[in-house]
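A.B. asks: Here's a structure for you.
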Amino acid sequence: MQGGRFKTIVTHMSLSALVLCGSANAELASLSDGELSEVDGAGVGLVFEDFIFDARTDAAAGQTFKISGIKDSTGTKDVAITVSQLYIANSGSNYGQNLSGVNLGRLVNPYEIELVDGDDIGIQDKAVLQFSAPKKYDATTVVNLDRDLDGQLDTQTDSAGVTSLKEYAANPEGYDCVLAGAAKGSGTCGSRPTGVDPVSSEAIVGERPDIGLKLQVQVGIETPDNLNIHAKSAVFDGSYLRLWGDDNKQQLVGEFRLNLYTPELSINSCDAAGQSCGNTIYMKNFELELALGNRFQPMSIGVTESLTGAIQPGNFVFEVASIADYATSQGYLANLPGDGKRASCTTANCTAAWDFFNDYYSNPAYKSNLRVGALHIGDIAAGGQNFGSSRIEGMTIQYLKISSHDLAN
């Protein structure tokens, strides 16, 4: 599950943005002489124990958490965004009402900051700075689960119309990434849900935090609205950010893999008092696996220094490089077989081109997935609607460019 030995820092932490201060007690975990001999000094493992983060606005005490400097589309009205609450705490927080400590990472599977040899991950002649969440276990078996919450094990139908039980990857040491209360051996994630160890009967604090954000948005002097987003028992296992320097672009580029799994992601909007809320959107058993950039088409983030097309100077630009540009520079596009079949290749260049595109379009590391086990609008018990499951799988980003624009000009 882990590729190397790290010196692990264990931190006990409680933070509160109400008073903009907190307490922290950090210590180094002891290692034996044998373990110390295996430490390569290439990275640091981070584990936060009993972690609580709670940032909120308390107008009565004169304490505010605001985002300012934003205008509406006309450029004449200020848009005031007040963060009513931003929290990270243990699962079971009741949407941020009851906060208790959660563990982020484990000693055997921490968050990591490390320098990686780019040659080992396909980024030639580069030192790569990598920030990574806890790892997933390698899949060694499969299990059957009820992810769509219909009371039955999930099924799948093949191209011949044959229906069978759907198989999910698992490891005897892992936990299902999305199901609340997942049992050991049900998946590949290392982060454990809160519960009780069935063997030792010891309480497990767990490494799956509740995360929430409550915003109040006001345009000019108009009546403000509230927007609330909550993720229960969130898991980020397998996520990472890699950064390196690009000689051609003369800037920092990267590769980002964001995995977010939660048994419930909810969104609703309320009035200024936080009451009279509209129907809440519940996305049950939510799975996001987002791949932005890779070694062939790294992502970049920057600010325009001069007029670039229709983009004025000083605007934000996010870009994932074009795979077609890379393939052209390597001569792959010019050497593809006319009928698209590898067997038709008569040269080594043709075979290499076909193999490149075959790997690119079949490699799961380059694909993004979005799955929702069940989409509910409103409380089902109170007459809400269940729109069933939905999914978008195998999406590959061939080119992406996002830029900000000054709408006032």
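A.B. asks: For the stretch 104-146, what are the residues that are among the hydroxyl-bearing types (S, T, Y) and under 21 Å from P209 (Cα atoms)?
C.D. replies: Within the stretch 104-146, Y111, S132, Y137 meet the criteria.
A.B. asks: Which of the residues spanning the stretch 184-205 are modelled with pLDDT of 90 or more and part of a loop (DSSP other than H, G, I, E, B)?
C.D. replies: Matches in the stretch 184-205: G185, S186, G187, T188, G190, S191, R192, P193, T194, V205.
A.B. asks: Got at least one residue in the stretch 383-394 being under 28 Å from T304 (Cα atoms), out of contact with any Ser or Thr (no Cβ under 7 Å at 6 or more places or on another chain), at pLDDT 90 or above and surrounded by 12 or more Cβ atoms within 10 Å (Cβ to Cβ)?
C.D. replies: Checking the stretch 383-394: not a single residue is under 28 Å from T304 (Cα atoms), out of contact with any Ser or Thr (no Cβ under 7 Å at 6 or more places or on another chain), at pLDDT 90 or above and surrounded by 12 or more Cβ atoms within 10 Å (Cβ to Cβ).
So that you can scan it fast, the table gives a plain yes or no per residue for (1) free of Cβ contacts under 8 Å to residues at least 40 places away in the same chain; (2) under 30 Å from G190 (Cα atoms); (3) aromatic (F, W, Y):
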| position | (1), (2), (3) |
| --- | --- |
| D58 | no, no, no |
| I67 | yes, no, no |
| I70 | yes, no, no |
| T74 | no, no, no |
| T82 | no, no, no |
| L86 | no, yes, no |
| G96 | no, yes, no |
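A.B. asks: May I ask you to verify whether A160 is in a loop (DSSP other than H, G, I, E, B) and either within 28 Å of I380 (Cβ to Cβ) or out of contact with any Pro (no Cβ under 8 Å at 6 or more places or on another chain) (or both)?
C.D. replies: yes
A.B. asks: Can you spot a residue in the stretch 175-197 that is over 20 Å from P134 (Cα atoms) and either of a type outside the set (D, E, K, R) or in contact with a Gly (Cβ under 9 Å, 6 or more places away or on another chain) (or both)?
C.D. replies: Yes: the stretch 175-197 contains one or more residues that are over 20 Å from P134 (Cα atoms) and either of a type outside the set (D, E, K, R) or in contact with a Gly (Cβ under 9 Å, 6 or more places away or on another chain) (or both).
A.B. asks: Cβ-Cβ distance below 7 Å, separation of 6 or more or different chains: which pairs start in the stretch 210-231 with a residue that is more than 16 Å from M283 (Cα to Cα) and end on one that is among the charged types (D, E, K, R) and at pLDDT 90 or above?
C.D. replies: Final answer for the pair search is N226/K214.
A.B. asks: How many residues are of a type in the set (A, V, I, L, M, F, W, C), surrounded by fewer than 14 Cβ atoms within 10 Å (Cβ to Cβ) and at positive phi when one looks only at the stretch 139-189?
C.D. replies: Summing the residues that are of a type in the set (A, V, I, L, M, F, W, C), surrounded by fewer than 14 Cβ atoms within 10 Å (Cβ to Cβ) and at positive phi in the stretch 139-189 gives 0.
A.B. asks: Does any residue of the stretch 279-288 turn out to be crowded, with 22+ Cβ neighbours inside 10 Å, on the phi > 0 side of the Ramachandran plot and out of contact with any helix residue (DSSP H, G or I) (no Cβ under 9 Å at 6 or more places or on another chain)?
C.D. replies: Within the stretch 279-288, one or more residues are crowded, with 22+ Cβ neighbours inside 10 Å, on the phi > 0 side of the Ramachandran plot and out of contact with any helix residue (DSSP H, G or I) (no Cβ under 9 Å at 6 or more places or on another chain).
A.B. asks: Looking at (1) more than 30 Å from G254 (Cβ to Cβ); (2) at pLDDT 95 or above; (3) aliphatic (A, V, I, L, M), which is the only condition A160 fails?
C.D. replies: (2)
A.B. asks: Can you work out which of the residues in the stretch 317-365 that are touching a strand residue (DSSP E or B) at 6+ places or on another chain (Cβ under 6 Å) and surrounded by 18 or more Cβ atoms within 10 Å (Cβ to Cβ) is nearest to R147 (Cα to Cα)?
C.D. replies: V320
The values are calculated or read from the model by the stated rules, or taken from the named source; none is laboratory data. Worth saying up front: this structure is predicted, and the values here are computed from it rather than measured. Don't worry about glycine lacking a Cβ; one is built from the backbone with ideal geometry, like all the others, and counts go over all protein chains shown.
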